[in-house]
Amino acid sequence: MSAENEYMNNEEIAGVIAPDEDYDENQIQVLEGLEPVRKRPGMYIGSTGPRGLHHLVYEIVDNAIDEALAGFCSEIRVNILPGDVIEVDDNGRGIPTGIHPKEGISAATVVYTILHAGGKFGGGGYKVAGGLHGVGASVVNALSEWLELTVKDGEHIHYQKFNNGGHYDEQMKIIGDTTETGTNVKFKADPLIFTETTVYDYETLLKRLREQAFLNAGVKIVFSDLRDKDNIQSETLHYEGGIRQFVEHIHKVKGYEPLSDKVIYLSGVKDDMTAEVALMWNDSYNEDVRSFANNIHTTDGGSHETGFRNALTKVINEYGKKFNLIKDNQEKLIGDDVREGITAIISVKLTNCEFEGQTKGRLGNPEARPLVENMVYDKLMNFLEENPAISRAILEKTQNAQKAREAAKKARETARRKSAMDSTSLPGKLFDCYDRDTELTELYIVEGDSAGGTAKGGRNARYQAVLPLWGKMLNVEKARIDKVYSNEKLMPVVAALGTSIGEDFNIEKLRYGKIVIMSDADVDGFHIRTLMLTFFFRYMRELINAGRIYIAQPPLFKVAKRKGKKETVKYAFSDEERDMYVAQFNEEGDGTVNIQRYKGLGEMDPEQLWETTLNPETRTMLKVNIEDAAKADEIFTILMGDKVEPRKDFIEKNAGYVQNLDF
Ligand code: 1YM
């Protein structure tokens, strides 16, 4: 059988036509097709920073997961190869290689070179895995220096190579025989696009792949980092228990003591939708509800999460009333009460997901709400009635939360009376700026009076305000919100921002456009930054969502060359940069090179701080996103929680680089 006939035999393609002889024409079309992706990568993968880079991997893996969900693939391998090449391999059917009727080239080539060709050709689909609008594979190709696609269809091995963003010289061709089936993709992210870095972070990929393995029970993902042959890491992610095990995993990582030994698992189906919920209460005061739609984390919730919340509050109240655990003269429990110390995963799968909001982090589909709401109501009620001991513990926990909330309300009223919450009474240590235009103004939150003094001297007082923090930081983990209101370290921050916190929070009252956490590059600085991010994450999350929180990036080293009286100075923000400047200076010769490591902001002159960290023209700052803050929250829980084991694990794992840990 000739190669050509072989292509035409593929059953997946309806209405096969003869292959187009004129490959050049296709070439041109293909190039035009992917050009927009290279022109505006941000539109397709969010950013060209580390997040966008990691996104490439998720896009390819998502296709393999889809194949697993369709029931054709039992194992997915993901490798980071030397040189930060990614390899994704599955044992599914293999992407169809037959000639695409409209394009006249292999269907697999179409999937990898034409935008919007991520879905299937012609109707009806199971495609539920995440990814951006189903254009994943071609977007990855467009942003790769090179990409190799190998498909095994049980008879032949098909192969095609793309260069410089999806260009190819040769059509897909047969390079051998096989009895196996599957798809293998290898690619190298294009450094011309990912100018910041093309180096993958093992933990970031591991976290996301693990999440996908939890969300798709039974899918087996083997993840390996093969970059350094002396330090090969590998992990098999395979959870028959799916999201139940996700909840257990979160509890284990955070060191929470579960309230019961069983994770509550609820599921339901309606029309073409499925919904699954797993939940368990623990001994903490934190709510950790994570929702997903088609395996995509909906960070801003949406209809499915609303359905869950409504049903949960209703069930607990009704159950409590029915079994006289909530007396007639008692107040109803509110959502915050029933969700205190809960860990829950909500996962829905629908054929047409609509994501809303500025960051597309909220599920819009209205039909998801009643599905989740009715399912949780019915099945959770059953569970509670069948497990009275667990139910009593849950009711007791939620009623304790209610009492604490009432105490917090009193504390808040007292605080209000003392007018600490009032934005007209600004904290005494605040060095405010003159301008009141929140498009311009910035608040620098700095630890310690010494660094505060430097920042005060170095800032542009017109639009940059400085708030030095002092006193012992509240251990937010162990305290409920009522303690925040009387905390001498956090209240000045609340007062300076003007927004208030928790249910009184009002972003319209925000007094600055940017809030910048500026801490030393050492363990204490790391600590303070984790604390601040955790505080914002828990009590002022909207500020993070609105992109208002930043982390300043002061330099780590001053590299100076002295020749007679003349000194040339370079600031380095990493060890690599330091070495580079030292090498440069040495190369130039004549003069002595001196390296100073800045242990704290206080060691810098005000002028140096301005030049390196404060001046909008020359500084770099990191904008904090919700994932960064969630990560800080998690680290914080581990560092501050009651449990020793997770803390030990964390410190052991991060001992080497805890100083450089960045969000
Ligand atoms: C390493 C990445 O992409 N696997 C993969 C992709 C597809 C199929 C199987 C597949 C899908 C279908 C039929 C179908 C894709 N096919 C297409 C398209 N792994 C990886 N494995 N046969 C095979 O959806 O009906 C897009 S993805 F569009 F060509 F069908």
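The values are calculated or read from the model by the stated rules, or taken from the named source; none is laboratory data. In this text, all values refer to a predicted model and were calculated from it rather than measured experimentally. We place every Cβ from the backbone using ideal geometry, glycine too, and count neighbours over all the protein chains shown. The protein model used for the area step is the full one, side chains on, heavy atoms only, and it has no ligands, DNA or RNA in it. Shrake-Rupley method; radii C 1.70, N 1.55, O 1.52, S 1.80 Å.
Residue-by-condition table, conditions (1) aromatic (F, W, Y); (2) open to solvent by 80 Å² or more (accessible area, probe 1.4 Å); (3) more than 23 Å from T499 (Cβ to Cβ):
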residue: I342; (1), (2), (3): no, no, yes
residue: Q358; (1), (2), (3): no, yes, no
residue: R362; (1), (2), (3): no, yes, no
residue: V372; (1), (2), (3): no, no, yes
residue: V376; (1), (2), (3): no, no, yes
residue: E386; (1), (2), (3): no, yes, yes
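Of all the numbered requirements in (1) modelled with pLDDT under 95; (2) open to solvent by 10 Å² or more (accessible area, probe 1.4 Å), I326 misses one, and that requirement is (2). Comparison of G320, G307 shows that the only residue that is in a helix (DSSP H, G or I), over 21 Å from Y265 (Cβ atoms) and in contact (Cβ under 8 Å) with a residue 60 or more places away in the chain is G320. Of the residues making up segment 29-80, those that are over 19 Å from L143 (Cα atoms), of a type in the set (V, I, T) and part of a helix (DSSP H, G or I) number 1. Applying a threshold of 8 Å to beta carbon distances and a minimum spacing of six or more residues, or different chains, the list of pairs starting in segment 518-530 at a residue that is on the phi < 0 side of the Ramachandran plot and open to solvent by 30 Å² or more (accessible area, probe 1.4 Å) and ending at one that is modelled with pLDDT under 80 and in a helix (DSSP H, G or I) reads H527/L639. Annotation: of all residues in segment 226-257 being hydroxyl-bearing (S, T, Y) and without any contact (Cβ under 8 Å) to a residue 24 or more places away in the chain, the one that is nearest to E287 (Cα to Cα) is T236. Here L259 meets the list (1) at pLDDT below 95; (2) within 20 Å of the chain's Cα centre (by Cα) almost entirely, failing just condition (2).
When segment 530-585 is filtered for residues that are of a type in the set (V, I, T) and within 24 Å of G458 (Cβ to Cβ), the ones remaining, listed by number, are I549, I551, V559, T568, V569. Across segment 56-74, the number of residues qualifying as touching a helix residue (DSSP H, G or I) at 6+ places or on another chain (Cβ under 8 Å), farther than 21 Å from G165 by Cβ and more than 8 Å from the ligand (Cβ to nearest atom) comes to 2. For segment 60-78, the set of residues classified as open to solvent by 10 Å² or more (accessible area, probe 1.4 Å) and acidic (D, E) consists of E67, E75, listed by residue number. Cβ-Cβ contacts under 8 Å between residues 6 or more apart (or on different chains), taken from a first residue in segment 536-556 that is without any contact (Cβ under 8 Å) to a residue 60 or more places away in the chain to a second residue that is open to solvent by less than 50 Å² (accessible area, probe 1.4 Å) and assigned to a strand (DSSP E or B), are listed as L543/I515; L543/I549; R548/I515; P554/M518; P555/Y571; P555/A572; L556/A572. Return the residue satisfying two criteria in turn: it lies in segment 79-104 and is within 9 Å of the ligand (Cβ to nearest atom) and of a type in the set (A, V, I, L, M, F, W, C), and of such residues it is least open to solvent (accessible area, probe 1.4 Å). Result: V88. Only residues that are open to solvent by 60 Å² or more (accessible area, probe 1.4 Å) and part of a helix (DSSP H, G or I): list them for segment 197-244, please. If the condition is that a residue be open to solvent by 60 Å² or more (accessible area, probe 1.4 Å) and part of a helix (DSSP H, G or I), then E203, K207, R244 are the ones that fit. For segment 138-153, a residue qualifies if it is open to solvent by less than 10 Å² (accessible area, probe 1.4 Å) and either more than 9 Å from the ligand (Cβ to nearest atom) or at pLDDT below 95 (or both), and the qualifying residues are S138, V139, V140, N141, A142, L143, S144, L147. In this structure, Q171 does not satisfy being among the polar types (S, T, N, Q) and under 30 Å from P388 (Cα atoms).
Taken over segment 146-196, the residue count meeting the criterion of being touching a strand residue (DSSP E or B) at 6+ places or on another chain (Cβ under 9 Å) and either part of a loop (DSSP other than H, G, I, E, B) or among the acidic types (D, E) (or both) is 20. Comparison of K403, K349, K360 shows that the only residue that is over 30 Å from F536 (Cβ atoms) and among the basic types (K, R) is K349.
The C-beta contact set for segment 170-185 (first residue farther than 12 Å from T97 by Cα and more than 12 Å from the ligand (Cβ to nearest atom), second residue open to solvent by 80 Å² or more (accessible area, probe 1.4 Å) and not in a strand (DSSP E or B), distance under 9 angstrom, 6+ apart or interchain) comprises E170/Y23; D177/E155; T178/E155; T179/E155.
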